[in-house]
Each structure stands twice: as structure tokens, then as C-alpha cells.
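Heads up: the structure comes next, in C-alpha cells.
The values are calculated or read from the model by the stated rules, or taken from the named source; none is laboratory data. Since the structure is predicted, the reported quantities are computational estimates derived from the model, not experimental observations. Glycine gets a Cβ as well: all are built from the backbone with ideal geometry, and neighbour counts include every protein chain shown. Side chains are part of the model used for accessible areas, which takes the heavy atoms of the whole protein and leaves out ligands, DNA and RNA. Shrake-Rupley method; radii C 1.70, N 1.55, O 1.52, S 1.80 Å.
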Amino acid sequence: MRRKSRFLLAIIVTITLVAAIIGTAFYMLDYSLGYAKEERKTADYWKKRMKDECPWTAEWQDSIYRHACIKDTFVNMPSQYKAHALYLLAPKATRKTAVIVHGYKVRAEGMLHIAYLYNHELGYNVLLPDLYGHGESEGDHIQMGWNDRWDVMKWAEVADEIFADDTTTQQVLHGISMGAATIMALSGEMTPAYILGFVEDCGFSSVWEEFSGQLQEQFGLPSFPLMNVTSLLCNLRYGWSFTEANQQKQVEQSTKPMLFIHGDKDTFVPYPMLARLYQAKTTGNKDIYVAEGSEHAKAYANHRTEYTRRVKEFLNDIIDQ
């Protein structure tokens, strides 16, 4: 009788633990990837924030909006949703074009400081997409740059249609944080000839590594078993898993030039990820810039002159001047 009672108790405890893990996994999935439209910060919020963080861009930003130089475009994506982007012609006609990709819970306007770098400082056309579930694009969750890579491929095609004259554009893809993870994910695929290179700023090496680090940092929890179950749920709900979304493996397959940037005080996307990503790229030209003293996504704000110089030198090697 006692043995039977112990057995039943063990079953009850096991079922309770499993239910608790599954329930927590559902919470973690919604916590990390859920992003309802009403939660999104407005365009005005990000414009002001960019002016505050990079005040040298304020006059330029006011000018491009006052003179209606910056425009909207909407595209129906192959994955069946309506996506939005901003675009801005270069001061003088040129093939040189930058597709600039924002980070986690940001939007196109949150990359206006990098648009300033390319458009005002370097004379490029720029296109700034809102990724799925961000800004004015449709979607109710975040894809962590994984499925976003195909949308950015489409945005590069759109940029070529908008900015090309009698020939094709010469494009660089520049991303920060999740945007950097997006372009690294894309870099391992076959890309059109007009995409000439990538600038990744503080991107993570894999979704698994980024989430497991944040799970430990924010909640003090180990990755097993919660990450495993949450990854499975992500695959069931959204069609991709944390283990498959591996930017480092994509970089290993990339053949086009890439500039790697990271602040050495970054703990949100830990600085040690930079070395692994840089070492993973064994084919094609590469360069690296460590922004001393910079925390996450602050390299340009903290080191405008050096950041611009390093980006310009990288571009000089891959794009006709």
C-alpha cells in the first residue's frame, strides 16, 4: 500500500513539474517573442531618442522631414504580410545604397542615426525596413532575425528597384543588434550580385545563446529544460527553433565581405560573441572594430568619428567610389 502511494505521489509530482515547465515555457515564448502592435513605440519616440543620443543628426533629421525627402513604401512580402520601409535618395545620384536594419523592438526611425552616416556623411541612398511585427509592418511577434533574413533579401530587391538607374545598385547591408543578427543570417545564403557586403554591429551568435544568457541574467535560471521546451514550442507555433537560428553557422558559410563591430562593455549581447563570429568567417574579406567602453548598440553614439572612418574604409574596399 505504501509502495503504491509513493508511486502515485511520484506520478503527481512528475506531472506537476512537467505542467509547470510547459506553462513557464509558454510564458517565456510570449515574453521574448510576443509583440502586440499597441506595445510598439511610436515613430516620434524614436526620432526624439535618436536626436538625444546623436544630437549632431538633429538638424539633418528635421530637414529631411521638413522637405519630404524621406518617403514610405509598403510591400507585400512572399510570406504573406504587408511590410513597411522608409527610403531616402542620396544628395547626388549614385548606385551606392545602404539597407539599414533595426534591432529588437526598435523600428525604422530608430536607425536614423545610421541613415545619417550613410546618407549625409557618405552620400548613399538608404532604405530602412520595419521588420515583421515592428513599426508599421504587420505581424504579432518577433522573429529574432531568422525568418527576417528572407524579408531583408526582398527589401534589397526593392532598394535595387527604387535606386537603380540604368544599371543595378551597389549595396551594403548594415544591422545593429537583432538587425545585425538578421544580416548575418542572410549572409550565409545565396544573395544577389548587387549585395556586396555586410556591416554587423553587436549581433548575437545564435538565438539559443542569446536567450539562454538572458534567462540566466534576468531570471537566474539554467537553460535546461526551459530553453529546450520553449524552443520546441517556438517551432510548433512559428515554424523555427532556437537551435536552427544560428547566426554563427551562417557566417561560416558567408563568402562576401563583412565588418564586425562590438562594444567591449556590451553585456546584453555579450562582447565575447564577437571573437567567435569573427573567427567563424573564413571565406571572403573581413574586418573588425572594437568600440572601447561602449555598451550595447552605443558604438556609433560613443565613437562617431572612428565608427564612420572604419565603415568608410570597409566600403572603399567593396564599393566603387
(request) Please enumerate the residues belonging to segment 226-273 that are on the phi > 0 side of the Ramachandran plot and in contact with a strand residue (DSSP E or B) (Cβ under 9 Å, 6 or more places away or on another chain). (result) none
(message) So in segment 133-152, with the set limited to residues that are open to solvent by 40 Å² or more (accessible area, probe 1.4 Å) and not polar (S, T, N, Q), which one is farthest from Pro192 (Cα to Cα)?
(response) Asp140
(message) Against the condition over 18 Å from the mean Cα position of the chain (by Cα), under 15 Å from Asp201 (Cβ atoms) and touching a residue at least 40 places away in the same chain (Cβ under 8 Å), how does Tyr300 come out, does it pass?
(response) no
(request) Hey, can you tell me all the residues within segment 191-204 that are of a type outside the set (Gly, Ala, Ser) and crowded, with 24+ Cβ neighbours inside 10 Å? (result) Ile195, Phe198, Val199, Glu200, Asp201, Cys202, Phe204
(message) Going residue by residue through segment 97-117, is there one that turns out to be modelled with pLDDT under 95 and open to solvent by 10 Å² or more (accessible area, probe 1.4 Å)?
(response) no
(request) Considering each residue of segment 205-229, count those that are closer than 18 Å to Ala181 by Cβ and open to solvent by less than 60 Å² (accessible area, probe 1.4 Å), and give that number. (result) 10
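Each row is one residue, and each column tells you yes or no for (1) touching a Gly at 6+ places or on another chain (Cβ under 9 Å); (2) modelled with pLDDT under 95; (3) open to solvent by 70 Å² or more (accessible area, probe 1.4 Å); (4) of a type in the set (Gly, Ala, Ser).
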| residue | (1), (2), (3), (4) |
| --- | --- |
| Tyr289 | no, no, no, no |
| Glu295 | yes, no, yes, no |
| Ala299 | yes, no, no, yes |
| His303 | yes, no, no, no |
| Tyr307 | no, no, no, no |
| Arg310 | no, no, no, no |
| Glu313 | no, no, yes, no |
| Ile319 | yes, yes, no, no |
(request) Considering every residue within segment 17-27, establish whether at least one is small (Gly, Ala, Ser) and either at pLDDT 85 or above or surrounded by 12 or more Cβ atoms within 10 Å (Cβ to Cβ) (or both). (result) yes
(message) Step by step: first the residues of segment 271-287, then only those that are of a type in the set (Lys, Arg) and free of Cβ contacts under 8 Å to residues at least 40 places away in the same chain, then the one that is most open to solvent (accessible area, probe 1.4 Å). Which residue is that?
(response) Lys286
(message) Checking the condition more than 29 Å from Val158 (Cα to Cα) and either assigned to a strand (DSSP E or B) or under 20 Å from the mean Cα position of the chain (by Cα) (or both), which residue from Asp30, Asp52 passes?
(response) Asp30
(request) For segment 55-76, name all the residues that are over 13 Å from Glu109 (Cα atoms), among the aliphatic types (A, V, I, L, M) and under 24 Å from the mean Cα position of the chain (by Cα). (result) Val75
(request) Filter segment 66-86 down to residues that are of a type in the set (A, V, I, L, M, F, W, C) and farther than 14 Å from Asp130 by Cα, then give me how many there are. (result) 3
(message) Go through segment 59-87 and report how many residues are open to solvent by 60 Å² or more (accessible area, probe 1.4 Å), touching a residue at least 60 places away in the same chain (Cβ under 8 Å) and outside any strand (DSSP E or B).
(response) 2
(message) Which residue is farthest from Ala185 (Cα to Cα), if the candidates are limited to segment 155-174 and must be open to solvent by less than 50 Å² (accessible area, probe 1.4 Å), outside any loop (DSSP other than H, G, I, E, B) and out of contact with any helix residue (DSSP H, G or I) (no Cβ under 7 Å at 6 or more places or on another chain)?
(response) Phe163
